[in-house]
Amino acid sequence: MGSQEPMLFGTQRINAAGHLEIGGCDTVALAQEFGTPLYVLDEEHIRQRCRCYRQAFRDRLPEVEVAYAGKALLVSALCRIVEQEGLALDVASAGELYTALQTNFPPARIKLHGNFKSDQELLMALRESVGRVVLDSLTEIQRLSALAQAEGREVPVLMRVAPGIKTQTHTFIQTGQLDSKFGLGLATSAAREGVRLTLESPGLKLRGLHCHIGSQLFGLDAFQKTAELMVEFMSQIRDECGVVLEELDLGGGLGISYTPEDTPPTIAELADIISSGLRATCEQFDYPLPRLILEPGRSIVGTAGTTLYRVGPVKEIPGVRTYVAVDGGLSDNPRPALYDAEYTAIIANKADQPSTQPVRVAGKHCETDTLLAEVTLQPVEEGDLMAVFSTGAYNYSMASNYNRFCRPAMVLVGEGRAEVIVERESLEDLVAQDVIPERLR
Ligand code: LLP
């Protein structure tokens, strides 16, 4: 990347002091008040993305539910925002379900996912009357049926199908192909068997089908093809079992910009392709238009998050490169290490200066935790503040305590206000679960 205008999202702007500002808050002041590393979340941007999803699909289809995929980022304050914006919520564990429930998120608007839900998780979903459980395997169908009967309840379910679509994204986040741990294969008899088993299992009420083909997707064709395949399968179920399934959940997956080279489709373009694919296939198979469910995660919160780091030692290795250390890394953002993910950054306290210095940004963990392999920054020195963009999704939610680092705080910014929504972990927090057996005391 050469010297160019920084890529700004949502309410981000460069203020008169030449500093990066988000939600009307100067990031230099945020770092001073709350410390670093710091996750900064742009409230207005998140709300706009929620509204944009709902509006785009409602304009094109009669019945649509947008469920935010909590795995991207789930903290209590965000549950409140998503709830206020009228979205439903996807959870993928007891922990995510608990997080949502204790904010009084309406259980009827929650869906429970997972390729291996424990009995405890299924029971929690049953007892709390969550809106849908998304079945993922034949044995889970049997287990949930038994639990539902024991509890004397009937549970509305979707069944997850692996539609056999291979997407253009990192192999770790491709999930719709046949060779996947998720769902029941369309190409084999597994999906058919799953539908039959669910239909005849007491305590389960099959409302529809689910699929999720992958994440950080830029190609729209895969979404269209998936919509078509799924409706075709639903029409086969109608013909073979005499049941008209009314819901179709197409999962999440829309990509976002991490670098200026990333040009994802807009939400409106996604809505166009899915709605036209659905309409055409429903017409072709004379199938009633299903109630559509979507599960965006990254494309709701990704670009709303920015991580602020304090710059440490800057080491110039003559003839090789310049290394810039920051006070976080692998523990607050494992994505570069896991997926070779690329990011964009600026020096937040010199945001109005041209970026002319090619560097590599590394974290402070005891290994080669490169955050940005090659980036051109404003002239950088120790003590500067670095802002890394598009860290709202799969950063805090995948953070760890590696090297016994304390997980950073998170602030929600908007209209010049900054409020802590996740406290910075303390050293005491780090040892809170440790136990020294009596004999070692
Ligand atoms: N629904 C289901 C069933 C999913 O498995 C996922 C993501 C989503 C929805 C939301 O997908 P999104 O709209 O966020 O792409 N840790 C990886 C991403 C893993 C995605 C897992 N499933 C990363 O950092 O890229």
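The values are calculated or read from the model by the stated rules, or taken from the named source; none is laboratory data. Just so you know, these numbers come straight off a predicted model, no measurement behind them. Counting neighbours? That spans all protein chains shown, and the Cβs are built from the backbone with ideal geometry, glycine included. Surface accessibility is based on the protein's heavy atoms, side chains included, excluding ligands, DNA and RNA. Shrake-Rupley method; radii C 1.70, N 1.55, O 1.52, S 1.80 Å.
Tabulated data
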{"item": "Residue match in segment 241-256 (condition: part of a loop (DSSP other than H, G, I, E, B), more than 25 Å from F389 (Cα to Cα), acidic (D, E) and out of contact with any His (no Cβ under 8 Å at 6 or more places or on another chain))", "result": "yes"}
{"item": "Residue match in segment 283-300 (condition: in contact (Cβ under 8 Å) with a residue 60 or more places away in the chain, within 18 Å of V64 (Cβ to Cβ), open to solvent by 10 Å² or more (accessible area, probe 1.4 Å) and of a type in the set (K, R))", "result": "yes"}
{"item": "Some residue of segment 309-321 being under 18 Å from the mean Cα position of the chain (by Cα), open to solvent by 50 Å² or more (accessible area, probe 1.4 Å) and closer than 16 Å to T376 by Cα", "result": "no"}
{"item": "The listed residue being farther than 21 Å from G131 by Cα, assigned to a strand (DSSP E or B) and among the β-branched types (V, I, T), out of V66, V40", "result": "V40"}
{"item": "Selection status of L197, without any contact (Cβ under 8 Å) to a residue 60 or more places away in the chain and either in contact with a Cys (Cβ under 6 Å, 6 or more places away or on another chain) or open to solvent by less than 60 Å² (accessible area, probe 1.4 Å) (or both)", "result": "yes"}
{"item": "Members of segment 2-16 that are more than 23 Å from the chain's Cα centre (by Cα) and surrounded by 15 or more Cβ atoms within 10 Å (Cβ to Cβ)", "result": "P6, I14, N15"}
{"item": "Qualifying residue in segment 136-156 (condition: small (G, A, S), under 26 Å from the mean Cα position of the chain (by Cα) and either modelled with pLDDT of 95 or more or over 18 Å from G251 (Cα atoms) (or both))", "result": "yes"}
{"item": "Every residue from segment 112-130 that is in a loop (DSSP other than H, G, I, E, B) and charged (D, E, K, R)", "result": "K117, E128"}
{"item": "Among residues of segment 8-24, those that are within 20 Å of G302 (Cβ to Cβ) and in contact with a helix residue (DSSP H, G or I) (Cβ under 9 Å, 6 or more places away or on another chain), counted", "result": "8"}
{"item": "Number of positions in segment 17-49 that are over 19 Å from I421 (Cα atoms) and either open to solvent by less than 20 Å² (accessible area, probe 1.4 Å) or not assigned by TED's automatic domain parsing to the domain that holds M386 (or both)", "result": "4"}
{"item": "Residue match in segment 338-353 (condition: more than 25 Å from S257 (Cα to Cα), touching a Leu at 6+ places or on another chain (Cβ under 8 Å), open to solvent by 70 Å² or more (accessible area, probe 1.4 Å) and not β-branched (V, I, T))", "result": "no"}
{"item": "One residue from A222, A280 being within 13 Å of the ligand (Cβ to nearest atom), open to solvent by 10 Å² or more (accessible area, probe 1.4 Å) and either more than 24 Å from I110 (Cβ to Cβ) or touching a residue at least 40 places away in the same chain (Cβ under 8 Å) (or both)", "result": "A222"}
{"item": "Cβ pairs under 8 Å, 6+ apart, first in segment 429-441 and surrounded by 10 or more Cβ atoms within 10 Å (Cβ to Cβ), second not in a helix (DSSP H, G or I)", "result": "D429/C406; L430/N401; L430/C406"}
{"item": "Subset of segment 355-364 that is open to solvent by less than 20 Å² (accessible area, probe 1.4 Å) and over 25 Å from the mean Cα position of the chain (by Cα) - its residue that is farthest from the ligand (Cβ to nearest atom)", "result": "S355"}
{"item": "Selection count, segment 389-417, where residues are surrounded by 21 or more Cβ atoms within 10 Å (Cβ to Cβ) and either more than 16 Å from the ligand (Cβ to nearest atom) or without any contact (Cβ under 8 Å) to a residue 24 or more places away in the chain (or both)", "result": "6"}
{"item": "Any hit, segment 159-176, residues being open to solvent by less than 40 Å² (accessible area, probe 1.4 Å), over 30 Å from D340 (Cβ atoms), in a strand (DSSP E or B) and away from the ligand (no atom under 16 Å from the Cβ)", "result": "no"}
{"item": "Some residue of segment 243-266 being surrounded by 18 or more Cβ atoms within 10 Å (Cβ to Cβ) and away from the ligand (no atom under 16 Å from the Cβ)", "result": "yes"}
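Matching residues to (1) within 28 Å of the chain's Cα centre (by Cα); (2) within 27 Å of E269 (Cα to Cα); (3) not charged (D, E, K, R):
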| residue | (1), (2), (3) |
| --- | --- |
| T188 | no, no, yes |
| L197 | no, no, yes |
| P202 | no, no, yes |
| C211 | yes, yes, yes |
| F218 | yes, yes, yes |
| Q224 | yes, yes, yes |
| E228 | yes, yes, no |
| E232 | no, yes, no |
| D239 | no, no, no |
